[in-house]
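Undergrad: Quick one: the structure is below, questions incoming.
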Ligand code: GLN
(Lines give C-alpha, C1' and ligand atoms only; values in the text may rest on other atoms or scores of the structure.)
Protein backbone atom coordinates (compact mmCIF):
# COMPACT_ATOMS: atom_id res chain seq x y z
CA UNK A 1 0.00 0.00 0.00
CA UNK A 2 2.76 2.45 0.93
CA UNK A 3 4.54 1.92 -2.40
CA UNK A 4 1.30 2.28 -4.30
CA UNK A 5 0.49 5.61 -2.62
CA UNK A 6 4.01 6.99 -3.26
CA UNK A 7 3.71 6.03 -6.91
CA UNK A 8 0.25 7.53 -7.33
CA UNK A 9 1.34 10.84 -5.77
CA UNK A 10 4.42 11.00 -7.94
CA UNK A 11 2.53 10.27 -11.14
CA UNK A 12 -0.18 12.85 -10.47
CA UNK A 13 1.86 15.78 -9.24
CA UNK A 14 2.04 17.15 -12.79
CA UNK A 15 -1.72 17.76 -12.78
CA UNK A 16 -1.42 20.32 -9.97
CA UNK A 17 -0.08 22.72 -12.61
CA UNK A 18 -3.35 22.54 -14.53
CA UNK A 19 -5.54 23.82 -11.69
CA UNK A 20 -5.93 27.11 -9.85
CA UNK A 21 -6.14 28.13 -6.20
CA UNK A 22 -9.51 29.41 -4.96
CA UNK A 23 -9.14 33.20 -5.13
CA UNK A 24 -12.59 34.28 -3.92
CA UNK A 25 -11.38 33.64 -0.36
CA UNK A 26 -8.17 35.73 -0.52
CA UNK A 27 -6.37 33.85 2.26
CA UNK A 28 -6.60 30.59 0.28
CA UNK A 29 -4.25 32.00 -2.38
CA UNK A 30 -1.41 31.58 0.12
CA UNK A 31 -1.45 27.80 -0.40
CA UNK A 32 1.25 26.09 -2.46
CA UNK A 33 -0.39 25.07 -5.70
CA UNK A 34 1.92 22.09 -6.19
CA UNK A 35 1.18 20.37 -2.90
CA UNK A 36 -0.32 16.91 -3.17
CA UNK A 37 -0.93 14.42 -0.35
CA UNK A 38 -2.88 11.31 0.55
CA UNK A 39 -3.64 9.35 3.71
CA UNK A 40 -5.42 6.00 3.84
CA UNK A 41 -6.74 4.52 7.09
CA UNK A 42 -8.25 1.07 6.82
CA UNK A 43 -10.75 -0.35 9.28
CA UNK A 44 -8.00 -2.33 11.01
CA UNK A 45 -6.45 1.05 11.82
CA UNK A 46 -3.45 0.79 9.53
CA UNK A 47 -2.39 4.31 8.53
CA UNK A 48 -0.53 5.02 5.26
CA UNK A 49 0.57 8.45 4.09
CA UNK A 50 2.38 9.85 1.07
CA UNK A 51 3.27 13.25 -0.39
CA UNK A 52 2.85 16.51 1.55
CA UNK A 53 0.80 14.88 4.27
CA UNK A 54 1.96 17.21 7.02
CA UNK A 55 0.40 20.25 5.35
CA UNK A 56 -2.57 21.84 7.09
CA UNK A 57 -5.46 23.29 5.14
CA UNK A 58 -8.99 24.44 5.88
CA UNK A 59 -11.76 21.89 5.62
CA UNK A 60 -14.18 24.16 3.69
CA UNK A 61 -17.06 22.15 2.18
CA UNK A 62 -15.72 18.83 3.43
CA UNK A 63 -17.34 19.99 6.67
CA UNK A 64 -20.81 19.76 5.13
CA UNK A 65 -21.47 16.02 5.55
CA UNK A 66 -20.17 16.19 9.12
CA UNK A 67 -22.41 19.06 10.21
CA UNK A 68 -25.25 17.31 8.42
CA UNK A 69 -24.67 14.29 10.69
CA UNK A 70 -24.75 16.56 13.76
CA UNK A 71 -27.90 18.36 12.59
CA UNK A 72 -29.60 14.99 12.03
CA UNK A 73 -28.59 13.86 15.52
CA UNK A 74 -29.84 17.18 16.96
CA UNK A 75 -33.13 17.48 15.05
CA UNK A 76 -34.08 14.14 13.46
CA UNK A 77 -34.58 13.38 9.77
CA UNK A 78 -38.07 14.74 9.45
CA UNK A 79 -37.22 18.23 10.72
CA UNK A 80 -34.00 18.47 8.73
CA UNK A 81 -35.49 17.35 5.43
CA UNK A 82 -38.43 19.70 5.84
CA UNK A 83 -35.91 22.48 5.23
CA UNK A 84 -33.44 20.98 2.77
CA UNK A 85 -33.93 18.54 -0.09
CA UNK A 86 -32.27 15.26 -1.09
CA UNK A 87 -31.60 15.83 -4.79
CA UNK A 88 -28.51 16.89 -6.71
CA UNK A 89 -28.90 20.45 -8.01
CA UNK A 90 -26.72 20.18 -11.10
CA UNK A 91 -25.63 23.76 -10.35
CA UNK A 92 -22.35 25.12 -8.96
CA UNK A 93 -21.87 24.88 -5.18
CA UNK A 94 -22.49 28.58 -4.57
CA UNK A 95 -25.48 28.98 -6.87
CA UNK A 96 -28.45 31.03 -5.69
CA UNK A 97 -30.58 30.57 -8.80
CA UNK A 98 -32.93 27.72 -7.90
CA UNK A 99 -33.85 29.34 -4.57
CA UNK A 100 -35.68 31.89 -6.68
CA UNK A 101 -36.91 29.88 -9.63
CA UNK A 102 -38.08 26.63 -7.98
CA UNK A 103 -40.77 26.75 -5.28
CA UNK A 104 -40.79 25.95 -2.39
CA UNK A 105 -37.39 27.57 -2.12
CA UNK A 106 -35.74 24.99 0.10
CA UNK A 107 -32.16 24.24 -1.04
CA UNK A 108 -31.78 21.12 -3.20
CA UNK A 109 -29.40 19.34 -0.83
CA UNK A 110 -27.12 19.87 2.20
CA UNK A 111 -23.87 19.68 0.17
CA UNK A 112 -24.30 22.99 -1.67
CA UNK A 113 -23.77 26.26 0.19
CA UNK A 114 -27.47 27.14 0.47
CA UNK A 115 -28.27 23.75 2.01
CA UNK A 116 -25.21 23.79 4.25
CA UNK A 117 -26.15 27.21 5.66
CA UNK A 118 -29.59 25.83 6.55
CA UNK A 119 -27.91 22.83 8.22
CA UNK A 120 -25.58 25.09 10.22
CA UNK A 121 -28.61 27.07 11.39
CA UNK A 122 -30.04 23.85 12.87
CA UNK A 123 -27.10 23.01 15.16
CA UNK A 124 -28.28 23.14 18.77
CA UNK A 125 -26.77 25.34 21.50
CA UNK A 126 -27.80 28.23 23.76
CA UNK A 127 -25.64 30.70 21.83
CA UNK A 128 -23.10 30.73 19.01
CA UNK A 129 -20.22 29.91 21.36
CA UNK A 130 -21.94 26.77 22.58
CA UNK A 131 -22.92 25.78 19.04
CA UNK A 132 -19.32 26.20 17.88
CA UNK A 133 -18.01 24.21 20.83
CA UNK A 134 -20.44 21.37 20.10
CA UNK A 135 -19.55 21.44 16.44
CA UNK A 136 -15.80 21.46 17.07
CA UNK A 137 -16.11 18.64 19.57
CA UNK A 138 -18.02 16.57 17.03
CA UNK A 139 -15.31 17.10 14.41
CA UNK A 140 -12.66 16.33 17.03
CA UNK A 141 -14.23 13.03 18.02
CA UNK A 142 -14.85 11.98 14.43
CA UNK A 143 -11.26 12.77 13.42
CA UNK A 144 -9.88 11.39 16.73
CA UNK A 145 -7.94 14.66 16.92
CA UNK A 146 -8.65 16.71 20.06
CA UNK A 147 -6.50 19.59 18.78
CA UNK A 148 -8.63 20.49 15.73
CA UNK A 149 -9.30 24.22 15.64
CA UNK A 150 -10.16 27.18 13.47
CA UNK A 151 -7.71 28.97 11.21
CA UNK A 152 -8.52 32.55 12.21
CA UNK A 153 -6.94 34.10 9.10
CA UNK A 154 -9.06 32.06 6.72
CA UNK A 155 -12.15 32.65 8.84
CA UNK A 156 -11.63 36.42 8.81
CA UNK A 157 -10.84 36.38 5.10
CA UNK A 158 -14.05 34.56 4.23
CA UNK A 159 -16.15 36.61 6.63
CA UNK A 160 -14.87 39.76 4.94
CA UNK A 161 -15.56 38.57 1.40
CA UNK A 162 -18.47 36.11 1.79
CA UNK A 163 -21.10 38.29 0.17
CA UNK A 164 -22.48 35.55 -2.01
CA UNK A 165 -23.16 33.38 1.01
CA UNK A 166 -24.63 36.44 2.70
CA UNK A 167 -27.02 36.90 -0.25
CA UNK A 168 -28.03 33.23 -0.08
CA UNK A 169 -28.59 33.37 3.68
CA UNK A 170 -30.72 36.55 3.59
CA UNK A 171 -32.83 35.07 0.82
CA UNK A 172 -33.32 31.91 2.90
CA UNK A 173 -34.38 34.06 5.85
CA UNK A 174 -36.85 36.03 3.74
CA UNK A 175 -38.40 32.74 2.61
CA UNK A 176 -38.68 31.53 6.23
CA UNK A 177 -36.25 28.62 5.72
CA UNK A 178 -33.87 29.86 8.39
CA UNK A 179 -34.78 31.72 11.57
CA UNK A 180 -32.72 33.91 13.81
CA UNK A 181 -29.84 36.26 13.23
CA UNK A 182 -28.45 35.75 9.72
CA UNK A 183 -25.02 37.21 10.55
CA UNK A 184 -24.67 34.83 13.51
CA UNK A 185 -25.58 31.83 11.37
CA UNK A 186 -23.07 32.92 8.73
CA UNK A 187 -20.42 33.47 11.38
CA UNK A 188 -20.84 29.88 12.53
CA UNK A 189 -20.81 28.65 8.91
CA UNK A 190 -17.58 30.54 8.14
CA UNK A 191 -15.97 29.12 11.28
CA UNK A 192 -17.11 25.62 10.34
CA UNK A 193 -15.45 26.02 6.91
CA UNK A 194 -12.24 27.33 8.52
CA UNK A 195 -11.51 24.28 10.67
CA UNK A 196 -7.91 23.34 9.95
CA UNK A 197 -7.14 19.71 9.12
CA UNK A 198 -4.58 17.38 7.56
CA UNK A 199 -5.19 14.47 5.18
CA UNK A 200 -4.98 12.17 8.19
CA UNK A 201 -7.91 13.95 9.86
CA UNK A 202 -9.97 13.54 6.68
CA UNK A 203 -8.98 9.89 6.31
CA UNK A 204 -9.95 9.20 9.92
CA UNK A 205 -13.36 10.84 9.47
CA UNK A 206 -13.81 8.89 6.24
CA UNK A 207 -12.86 5.67 8.04
CA UNK A 208 -15.39 6.37 10.79
CA UNK A 209 -18.06 6.82 8.13
CA UNK A 210 -16.85 3.63 6.38
CA UNK A 211 -17.76 1.72 9.54
CA UNK A 212 -21.19 3.35 9.54
CA UNK A 213 -20.36 5.70 12.40
CA UNK A 214 -18.39 3.35 14.67
CA UNK A 215 -14.96 4.62 15.72
CA UNK A 216 -12.61 1.61 15.51
CA UNK A 217 -9.84 3.44 17.36
CA UNK A 218 -11.81 4.04 20.54
CA UNK A 219 -14.36 1.32 19.91
CA UNK A 220 -17.36 3.57 20.35
CA UNK A 221 -20.29 4.68 18.23
CA UNK A 222 -20.11 8.34 17.22
CA UNK A 223 -22.87 8.51 14.61
CA UNK A 224 -26.04 6.37 14.48
CA UNK A 225 -25.78 3.87 11.64
CA UNK A 226 -28.68 5.19 9.55
CA UNK A 227 -27.33 8.75 9.76
CA UNK A 228 -23.88 7.60 8.61
CA UNK A 229 -25.57 5.87 5.66
CA UNK A 230 -27.57 8.98 4.77
CA UNK A 231 -24.45 11.13 4.88
CA UNK A 232 -22.47 8.76 2.65
CA UNK A 233 -25.32 8.62 0.15
CA UNK A 234 -25.27 12.42 -0.15
CA UNK A 235 -21.52 12.18 -0.72
CA UNK A 236 -22.20 9.92 -3.72
CA UNK A 237 -24.99 11.97 -5.26
CA UNK A 238 -23.89 15.53 -4.40
CA UNK A 239 -20.43 15.41 -2.80
CA UNK A 240 -18.49 16.69 -5.81
CA UNK A 241 -21.19 19.26 -6.71
CA UNK A 242 -22.05 19.36 -10.41
CA UNK A 243 -19.23 16.88 -11.11
CA UNK A 244 -20.74 14.15 -8.91
CA UNK A 245 -22.00 12.02 -11.82
CA UNK A 246 -18.69 11.91 -13.65
CA UNK A 247 -16.86 11.26 -10.37
CA UNK A 248 -19.22 8.37 -9.56
CA UNK A 249 -18.40 6.79 -12.91
CA UNK A 250 -14.63 7.37 -12.78
CA UNK A 251 -14.00 6.83 -9.06
CA UNK A 252 -17.17 5.38 -7.50
CA UNK A 253 -16.34 6.20 -3.87
CA UNK A 254 -18.54 8.37 -1.59
CA UNK A 255 -16.49 11.59 -1.36
CA UNK A 256 -16.75 15.23 -0.39
CA UNK A 257 -14.55 18.00 -1.72
CA UNK A 258 -13.78 21.52 -0.50
CA UNK A 259 -12.22 24.62 -2.06
CA UNK A 260 -9.29 24.36 0.36
CA UNK A 261 -8.23 21.42 -1.84
CA UNK A 262 -9.26 18.62 0.49
CA UNK A 263 -11.34 15.56 -0.40
CA UNK A 264 -12.66 13.11 2.18
CA UNK A 265 -13.56 9.67 0.83
CA UNK A 266 -15.18 6.75 2.55
CA UNK A 267 -15.08 3.24 1.12
CA UNK A 268 -17.84 1.36 2.97
CA UNK A 269 -16.52 -1.38 5.27
CA UNK A 270 -12.97 -0.85 3.97
CA UNK A 271 -11.21 2.48 4.51
CA UNK A 272 -11.20 6.23 4.76
CA UNK A 273 -9.09 8.31 2.39
CA UNK A 274 -8.00 11.93 2.77
CA UNK A 275 -6.53 13.77 -0.20
CA UNK A 276 -5.16 17.30 -0.47
CA UNK A 277 -4.22 19.29 -3.57
CA UNK A 278 -5.18 22.99 -3.48
CA UNK A 279 -5.12 23.51 -7.25
CA UNK A 280 -8.78 23.26 -8.28
CA UNK A 281 -10.67 22.58 -11.49
CA UNK A 282 -13.42 24.89 -12.75
CA UNK A 283 -16.03 23.24 -10.55
CA UNK A 284 -14.01 23.82 -7.38
CA UNK A 285 -12.67 20.27 -6.91
CA UNK A 286 -8.99 19.38 -6.43
CA UNK A 287 -7.73 18.62 -9.93
CA UNK A 288 -4.87 16.29 -8.96
CA UNK A 289 -6.85 14.99 -5.97
CA UNK A 290 -9.50 13.55 -8.27
CA UNK A 291 -6.78 11.89 -10.37
CA UNK A 292 -5.25 10.36 -7.25
CA UNK A 293 -8.62 8.95 -6.20
CA UNK A 294 -9.27 7.64 -9.68
CA UNK A 295 -5.97 5.76 -9.64
CA UNK A 296 -6.35 4.29 -6.17
CA UNK A 297 -9.92 3.25 -6.93
CA UNK A 298 -8.80 1.48 -10.07
CA UNK A 299 -5.72 -0.17 -8.54
CA UNK A 300 -7.59 -1.49 -5.49
CA UNK A 301 -11.01 -1.99 -7.16
CA UNK A 302 -12.70 0.34 -4.68
CA UNK A 303 -15.71 1.50 -6.74
CA UNK A 304 -18.90 0.69 -4.85
CA UNK A 305 -20.76 0.17 -8.12
N1 LIG B 1 -16.44 28.24 2.60
C2 LIG B 1 -16.68 27.99 1.22
C3 LIG B 1 -17.87 28.79 0.71
O4 LIG B 1 -18.84 28.88 1.37
C5 LIG B 1 -16.92 26.52 1.02
C6 LIG B 1 -17.17 26.19 -0.42
C7 LIG B 1 -16.49 24.95 -0.87
O8 LIG B 1 -15.58 24.41 -0.25
N9 LIG B 1 -16.89 24.50 -2.03
O10 LIG B 1 -17.83 29.34 -0.35
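Undergrad: Please find, within the range 218-247, the residue that is farthest from residue 271 (Cα to Cα) out of those that are touching a strand residue (DSSP E or B) at 6+ places or on another chain (Cβ under 8 Å) and within 16 Å of the ligand (Cβ to nearest atom).
TA: The qualifying residue farthest from residue 271 (Cα to Cα) is 241.
Undergrad: Identify, from the list 121, 95, the residue that is surrounded by 13 or more Cβ atoms within 10 Å (Cβ to Cβ) and in contact (Cβ under 8 Å) with a residue 40 or more places away in the chain.
TA: That would be 121, the only listed residue that is surrounded by 13 or more Cβ atoms within 10 Å (Cβ to Cβ) and in contact (Cβ under 8 Å) with a residue 40 or more places away in the chain.
Undergrad: Quick one: which of 189, 241 is touching a residue at least 24 places away in the same chain (Cβ under 8 Å), buried (at least 23 other Cβ atoms within 10 Å of the Cβ) and not assigned by TED's automatic domain parsing to the domain that holds residue 54?
TA: Of the residues listed, the single one that is touching a residue at least 24 places away in the same chain (Cβ under 8 Å), buried (at least 23 other Cβ atoms within 10 Å of the Cβ) and not assigned by TED's automatic domain parsing to the domain that holds residue 54 is 189.
Undergrad: Taking the range 248-277, which residues are at positive phi and away from the ligand (no atom under 13 Å from the Cβ)?
TA: 252, 269
Undergrad: How many of the residues making up the range 5-29 are in contact with a helix residue (DSSP H, G or I) (Cβ under 6 Å, 6 or more places away or on another chain) and away from the ligand (no atom under 16 Å from the Cβ)?
TA: 5
Undergrad: While we're looking at this one, here's another question. Name every residue in the range 154-166 that is within 10 Å of the ligand (Cβ to nearest atom) and surrounded by fewer than 18 Cβ atoms within 10 Å (Cβ to Cβ), in order of residue number.
TA: Of everything in the range 154-166, those that are within 10 Å of the ligand (Cβ to nearest atom) and surrounded by fewer than 18 Cβ atoms within 10 Å (Cβ to Cβ) turn out to be 161, 164.
Undergrad: Quick one: which helices (runs of 4 or more DSSP H) sit completely within the range 213-305 and have at least 2 residues that are within 13 Å of the chain's Cα centre (by Cα) and under 25 Å from residue 90 (Cβ atoms)?
TA: By residue number, 225-238.
Undergrad: Mind checking whether some residue in the range 142-153 is buried (at least 22 other Cβ atoms within 10 Å of the Cβ) and within 16 Å of the ligand (Cβ to nearest atom)?
TA: The answer is no; no qualifying residue exists.
Undergrad: Can you find a residue that is at positive phi and either modelled with pLDDT under 95 or touching a strand residue (DSSP E or B) at 6+ places or on another chain (Cβ under 8 Å) (or both) anywhere in the range 186-193?
TA: no
Undergrad: Out of the helices (runs of 4 or more DSSP H) lying entirely within the range 30-101, which hold 3 or more residues that are within 16 Å of the ligand (Cβ to nearest atom) and under 30 Å from residue 157 (Cβ atoms)?
TA: By residue number, 63-75.
Undergrad: Is one or more of the residues making up the range 290-305 on the phi > 0 side of the Ramachandran plot, crowded, with 24+ Cβ neighbours inside 10 Å and either in contact with a strand residue (DSSP E or B) (Cβ under 6 Å, 6 or more places away or on another chain) or modelled with pLDDT under 95 (or both)?
TA: Looking through the range 290-305, none of the residues is on the phi > 0 side of the Ramachandran plot, crowded, with 24+ Cβ neighbours inside 10 Å and either in contact with a strand residue (DSSP E or B) (Cβ under 6 Å, 6 or more places away or on another chain) or modelled with pLDDT under 95 (or both).
The values are calculated or read from the model by the stated rules, or taken from the named source; none is laboratory data. What you are looking at is a predicted structure, and each value in this text was computed from that prediction instead of being measured. FYI the Cβ positions are ideal-geometry reconstructions off the backbone, even for glycines, and counts take in every protein chain you see.
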